[in-house]
Amino acid sequence: MSYLTVTNAIKQFGGSFTALSGVSITVERGEFFTLLGPSGCGKTTLLRSIAGFNDLTSGEITLDGANLRLVPPHKRDIGMVFQDYAVFPHLSVFDNVAFGLKPRKVPAAEIKTRVTEALAAVRLGALADRLPAAMSGGQQQRIGLARAMVINPHLLLMDEPLSNLDAKLRVELREEIRDIQKQVDIATIYVTHDQEEALAISDRICVMSAGQIEQIGTPQQIYGNPQTRFVAEFVGTLNSLTDNDALKAVLGQLRLSAPGASWAVRPERLGLGEADAGSSDGVVAVPGIVGKYTYLGREAHVLVKTAIGELVVHLSNPGIEATRQPDEKVSVLIERSAPMAFDAAGKRLPAAG
Amino acid sequence: MPRFNFWTGVMVLTWLLLISLLFVPVGSVLLSSLYDQAGNFTFANYQKFFAETRFHQAFFNTLVVGFGGLVGALVLGSVMAFCVSRFEIRGGKFVSLLAILALVSPPFIGAYSWIVLFGAGGVVRGGLREMGVNMPPIYGLGGILIVFALKFYPYVYLMVSGALSNVNRSLEEAAEGLGLTPWQRTFKISFPMVFPALSAGGLLALIHAIADFGTPRLLGRGYNVLATEAFTLYSAEVGSNMSMATTISVLLIVVSMIFVLLQRYVSRRNVYHGNMINKPVRVRLKGWKNVAAHFAVYFIGLCGAMPVIVAIIYSFRKTNGPVFQPGFALQSYERILFNLGDVVRNSLTFSVGAVVLIVLVGTLIGVLVARRTNLNTALLDGAFMIPYVMPGIVIGIAYIAAFNTGPVVLTGTAAIIVLSIFIRRLPYMVRTTASSLRQISPSMEEAAISLGYSPFKAFLRITVPLIVPGIIAGGMLSFVTAINELSSSLVLYVGRTMTMPVRIYLLILDGDFGTAAALSTVLLVLSGVAVYIAFRFMGRNEQALL
Ligand SMILES: Nc1ncnc2c1ncn2[C@@H]1O[C@H](COP(=O)(O)OP(=O)(O)OP(=O)(O)O)[C@@H](O)[C@H]1O
Ligand SMILES: [Mg+2]
């Protein structure tokens, strides 16, 4: 049996609004599990149910085999990093972090070393004696992070712990979180709506939308093999292909078919060729003209108007010679493995032909 | 969970408290207004009220002084607030202090000081007469309105100056950018922004003006209002007419209630949240404008504080019996020390007792209202509006009506005075606690719980330290109102339970202004200490006084 299981969790607010409609997840020992989804999809609600701050309307939660819903929140030994920091303003940074060690009867000397280490890990060592009142959002967030991790809980819940940091610190700290988590081997549920962060840091990702689970899988599975249109669109970007005779021809050439499906393709799975590039085995060249060329440093986005729709093509490491002018004639290269088929409800269909 | 039981217990106790200390007494007022002297059910009291010119007149007069006081307070308060928050005024802090002085000054002393200056034998009036200027004495409607304007302007001033200094400057700059003239800007942008504060301050002035009993009593000279009529009916030596007094009380409650609802209605849409970043700057005025602004501010401030200043000066004057002699002495204070020690002691013990109760009960109920939101707590919050609009004289009469006979007889005890103060000031404490709690994110407690503290311990270790400064400040401000409470104590006191404000009232009626002034000064010092402590704990926040 998995370490943490949530089975058929349903949470209603005020009797009518359903924030979670039948969510089931499992988290293994030491696993880094991420909840990813747009704002308001129920991530915090699920996290708070696990922590015990709101009781589920129905459903089951077990931790290490024990029914968690019977344990009062303060006895669950679940560390939580709050979305709104929840830093104690009347305690110094040090005392904030030491707060959870006191009820655990940790000796004073050990408290000192553990708190100092935790503060160093979140780069707050220099501010230990300050009061958090005048600190920036990012600094407060890191206090919350250190405070939750220092108690070595059975389970660590983090609700967007990096949302208020600048891009650079965010990347640094997410590596740090990941390293610490692997070191102390705490099962962790991490909430974010930043897909890149989720992909970078997770063992498995659970993509949610409107109180439901869309897909659970490793970062590779989520990104490379999205099971719903929502996942494909939320994690990465998607070109929709216009359903017309030209598309039928392309699919025919690629020997792909899925009756009644709508088709889409990721921009980075497309290639850009010269106007006269011909189709070869497994690759179809679709002729088109350049609409816009956007240079982004690491990559460039080229919008190409073709018979099967306006397609965005991502080019990596674009050199100066890769620059395209508007109205230039080009062709878009589509590999057989690139197009994805979805049914009317947004479910992924097998695209064998 | 034990916590659930604890808070359910608090909830039940709160309702019991409200029922026994509020609903039953007020209910019995309501009921006894429906019975005649012989105990038969009747609408006669109301018919009589609307038939007799004496009561008509009092009703009409109440509205006149209410609105007159309102207009005066609005004018003085907003002029002062505008000048202090928009222009550089030398000694702006001192001006605020003057306003606070006017606000916490003991009741009655205001009216009486004005009589000392401008009454029939008034000092200033006498001086002017010698110079050949004949001015009418301050009695009557005009006098009441002047005193009300000067007494109640601090409500408007403190509310509006707070709001004005929070108006986001960008808004006004944006309006300027759009080409609005300064006048248009003031009326189209700033006015709507401060309107909620203005109407809230005005409401306080209006309610206090309607409920005020001392000023019309001393200055009215035949200009009777509902509050004085109720007291006269109640206290008449011969033929005390309790049911008519309660009828008037009911009407007073109704009038106050209507204004509270009206104010809520007109300012319902205007809720603006101030912004703490882009605050308006104060302009340094030049030339005659500067002189005019300073003159206005200091004139209003000094006039408002005049009664206090007069009282302090007169408390040190030499007296012979009740008659003032030239020169200064401490006789008045000696008289307090030797004859009125028990009055001071009564005031202190009653107020401290009431404040301790208020703090303990108010904090618990505040937590309940802020943290356990449901229909029940919403009702509770609503029920606490009632004491808010209840004129003191009505609470006094209601308590007499309820606790004179029946299962609990409290008339003549200290308890009845303490309880009357307690129930009147409890809503403020509940509100203070609730609003400071609402500013603390509940996830703070949850964080402590997730770290292993039981909910109760989390509350104790996290929430309590965060709200304690607010509670202490609230307690101190309750103390100020408790120790200055006159109108309910006046109805409820007996010889043993006389308090300082009651004694001051009686001293003034006896013409012993020296002792009254000294006693007022003592009251003022006590209030001042409490205000100082409150400001120490919550930063200088004058609006909390309201
Ligand atoms: N106490 C509550 N009462 C009523 N509705 C609530 C309550 N808490 C959350 N909701 C609603 O439940 C839905 C899910 O909220 P939740 O906070 O879980 O979203 P989220 O996924 O964490 O979003 P975000 O990324 O913005 O934090 C939202 O529509 C929210 O309005
Ligand atoms: Mg959330």
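Being part of a strand (DSSP E or B) and acidic (Asp, Glu) is the filter here; which residues of the range A:264-318 pass it? Before the answer, list the steps.
Within the range A:264-318, the first condition is being part of a strand (DSSP E or B), and the residues that meet it are A:264-265, A:270-274, A:280, A:283-295, A:299-306, A:309-316.
A:Glu274, A:Glu299, A:Glu310 - these are the residues of the range A:264-318 that are part of a strand (DSSP E or B) and acidic (Asp, Glu).
Would you check if B:Val260 is out of contact with any Gly (no Cβ under 9 Å at 6 or more places or on another chain) and β-branched (Val, Ile, Thr)?
On the way: out of contact with any Gly (no Cβ under 9 Å at 6 or more places or on another chain): yes; β-branched (Val, Ile, Thr): yes.
Here the answer is yes, as B:Val260 does meet what is asked.
Can you tell me which of (1) without any contact (Cβ under 8 Å) to a residue 40 or more places away in the chain; (2) hydroxyl-bearing (Ser, Thr, Tyr); (3) open to solvent by 40 Å² or more (accessible area, probe 1.4 Å) is the one B:Ser450 doesn't meet?
(3)
Looking at the range A:16-33, can you tell me whether even one residue there is within 13 Å of chain B (Cβ to nearest Cβ) and either out of contact with any strand residue (DSSP E or B) (no Cβ under 7 Å at 6 or more places or on another chain) or within 11 Å of ligand 1 (Cβ to nearest atom) (or both)? Outline the logic, then answer.
Quick first cut of the range A:16-33, residues within 13 Å of chain B (Cβ to nearest Cβ) only: none.
No, the range A:16-33 contains no residue that is within 13 Å of chain B (Cβ to nearest Cβ) and either out of contact with any strand residue (DSSP E or B) (no Cβ under 7 Å at 6 or more places or on another chain) or within 11 Å of ligand 1 (Cβ to nearest atom) (or both).
All but one of (1) under 20 Å from B:Ser520 (Cα atoms); (2) free of Cβ contacts under 8 Å to residues at least 12 places away in the same chain hold for B:Ser443, so report the exception by its number.
The number of the failed condition is (1).
Counting just the residues of the range A:126-144 that are within 16 Å of ligand 2 (Cβ to nearest atom) and buried (at least 17 other Cβ atoms within 10 Å of the Cβ), which one comes out nearest to the chain's Cα centre (by Cα)?
So in the range A:126-144, the residues within 16 Å of ligand 2 (Cβ to nearest atom) come out as A:137, A:141, A:144.
Subsequent filtering for residues that are buried (at least 17 other Cβ atoms within 10 Å of the Cβ) retains A:141, A:144.
Numbers: A:Gln141: 19, A:Gly144: 21 Å.
Across the range A:126-144, the extreme among qualifying residues is A:Gln141.
Pick out the one residue from A:Leu36, A:Leu4, A:Leu46 that is within 9 Å of ligand 1 (Cβ to nearest atom) and either at pLDDT 90 or above or of a type in the set (A, V, I, L, M) (or both).
Values: A:Leu36 fails: within 9 Å of ligand 1 (Cβ to nearest atom); A:Leu4 fails: within 9 Å of ligand 1 (Cβ to nearest atom).
Residue meeting the stated conditions: A:Leu46.
What helices (runs of 4 or more DSSP H) lie completely within the range B:432-528 and have 2 or more residues being more than 20 Å from B:Gly341 (Cβ to Cβ) and within 14 Å of chain A (Cβ to nearest Cβ)? First the steps, then the outcome.
On the way: elements: B:442-450, B:455-458, B:464-484, B:487-492, B:500-510.
Per the criteria, B:442-450, B:455-458, B:464-484.
Can you name the number of the only condition in (1) at pLDDT 90 or above; (2) open to solvent by 50 Å² or more (accessible area, probe 1.4 Å) that A:Asn152 fails?
Against the list (1) at pLDDT 90 or above; (2) open to solvent by 50 Å² or more (accessible area, probe 1.4 Å), A:Asn152 comes up short only on (1).
Filter the range B:438-447 down to the residues that are over 14 Å from A:Ala51 (Cβ atoms) and not hydrophobic (A, V, I, L, M, F, W, C), then identify the one that is least open to solvent (accessible area, probe 1.4 Å).
B:Ser441
Within the range A:82-104, can one find any residue that is open to solvent by 30 Å² or more (accessible area, probe 1.4 Å), at positive phi and more than 16 Å from ligand 2 (Cβ to nearest atom)?
Taking every residue of the range A:82-104 in turn, none turns out to be open to solvent by 30 Å² or more (accessible area, probe 1.4 Å), at positive phi and more than 16 Å from ligand 2 (Cβ to nearest atom).
Hey, any hits in the range A:129-139 for a residue that's part of a loop (DSSP other than H, G, I, E, B), in contact with a helix residue (DSSP H, G or I) (Cβ under 7 Å, 6 or more places away or on another chain) and modelled with pLDDT of 85 or more?
Yes, some residue in the range A:129-139 is part of a loop (DSSP other than H, G, I, E, B), in contact with a helix residue (DSSP H, G or I) (Cβ under 7 Å, 6 or more places away or on another chain) and modelled with pLDDT of 85 or more.
So which pairs qualify, if the first residue must be in the range A:36-50 and touching a residue at least 40 places away in the same chain (Cβ under 8 Å) and open to solvent by less than 10 Å² (accessible area, probe 1.4 Å), the second must be in a helix (DSSP H, G or I) and more than 9 Å from ligand 2 (Cβ to nearest atom), the Cβ gap must be under 6 Å, and the two must be at least 6 apart or on different chains?
Final answer for the pair search is A:Leu36/A:Ala198.
Taking B:Ser351 as meeting all but one of (1) crowded, with 18+ Cβ neighbours inside 10 Å; (2) small (Gly, Ala, Ser); (3) at pLDDT below 85, write down the number of the exception.
Checking B:Ser351 against (1) crowded, with 18+ Cβ neighbours inside 10 Å; (2) small (Gly, Ala, Ser); (3) at pLDDT below 85, the one that fails is (3).
Quick one: in the range A:62-81, which of the residues that are in a loop (DSSP other than H, G, I, E, B) and surrounded by fewer than 20 Cβ atoms within 10 Å (Cβ to Cβ) is farthest from ligand 2 (Cβ to nearest atom)? Walk me through how you get there before you give the answer.
First, pick out the residues of the range A:62-81 that are in a loop (DSSP other than H, G, I, E, B): A:64-65, A:71-72, A:76-77.
Now restrict to residues that are surrounded by fewer than 20 Cβ atoms within 10 Å (Cβ to Cβ): A:64-65, A:71-72, A:77.
Values: A:Asp64: 26, A:Gly65: 29, A:Val71: 23, A:Pro72: 23, A:Asp77: 22 Å.
Result: A:Gly65.
All but one of (1) of a type in the set (S, T, N, Q); (2) near ligand 1 (Cβ under 10 Å from one of its atoms); (3) modelled with pLDDT of 90 or more hold for A:Asn54; which doesn't?
Against the list (1) of a type in the set (S, T, N, Q); (2) near ligand 1 (Cβ under 10 Å from one of its atoms); (3) modelled with pLDDT of 90 or more, A:Asn54 comes up short only on (3).
Would you please name the residue that is nearest to the other protein chains (Cβ to nearest Cβ), looking only at residues in the range B:394-431 that are of a type in the set (S, T, N, Q) and under 26 Å from the mean Cα position of the chain (by Cα)?
Pass one, the range B:394-431, residues of a type in the set (S, T, N, Q): B:404-405, B:411, B:413, B:420.
This time we only want the ones that are under 26 Å from the mean Cα position of the chain (by Cα), so: B:411, B:413, B:420.
Numbers: B:Thr411: 46, B:Thr413: 41, B:Ser420: 36 Å.
By that ranking, first place goes to B:Ser420.
Restrict the check to the range A:38-61 and report whether at least one residue is more than 16 Å from ligand 2 (Cβ to nearest atom), basic (Lys, Arg) and within 14 Å of another protein chain (Cβ to nearest Cβ). Explain how you work it out, then say what you get.
Here is the first cut: in the range A:38-61, the residues more than 16 Å from ligand 2 (Cβ to nearest atom) are A:52, A:55-61.
Now narrow it down to the ones that are basic (Lys, Arg): none.
No: the range A:38-61 contains no residue that is more than 16 Å from ligand 2 (Cβ to nearest atom), basic (Lys, Arg) and within 14 Å of another protein chain (Cβ to nearest Cβ).
Which of the residues that make up the range A:155-171 are in contact (Cβ under 8 Å) with a residue 12 or more places away in the chain and of a type outside the set (A, V, I, L, M)?
A:Asp159, A:Glu160, A:Pro161, A:Ser163, A:Asn164, A:Asp166, A:Arg170
Would you check if there is a residue in the range B:74-85 being modelled with pLDDT under 85 and of a type in the set (Gly, Ala, Ser)?
Scanning the range B:74-85, I find at least one residue that is modelled with pLDDT under 85 and of a type in the set (Gly, Ala, Ser), so the answer is yes.
How many residues does the range A:157-205 contain that are part of a strand (DSSP E or B) and either open to solvent by less than 10 Å² (accessible area, probe 1.4 Å) or within 16 Å of ligand 2 (Cβ to nearest atom) (or both)? Walk me through how you get there before you give the answer.
Taking the range A:157-205 first, the residues part of a strand (DSSP E or B) are A:157-159, A:187-192, A:204-205.
After this cut, where a residue has to be either open to solvent by less than 10 Å² (accessible area, probe 1.4 Å) or within 16 Å of ligand 2 (Cβ to nearest atom) (or both) as well, the list is A:157-159, A:187-192, A:205.
Matching residues across the range A:157-205 total 10.
The values are calculated or read from the model by the stated rules, or taken from the named source; none is laboratory data. None of these values were measured; they are calculated from a predicted model. Neighbour counts are summed over all protein chains in view; Cβ atoms, including those assigned to glycine, are modelled from backbone coordinates with ideal geometry. Only protein heavy atoms, including side chains, enter the accessible area calculation; ligands, DNA and RNA are left aside. Shrake-Rupley method; radii C 1.70, N 1.55, O 1.52, S 1.80 Å.
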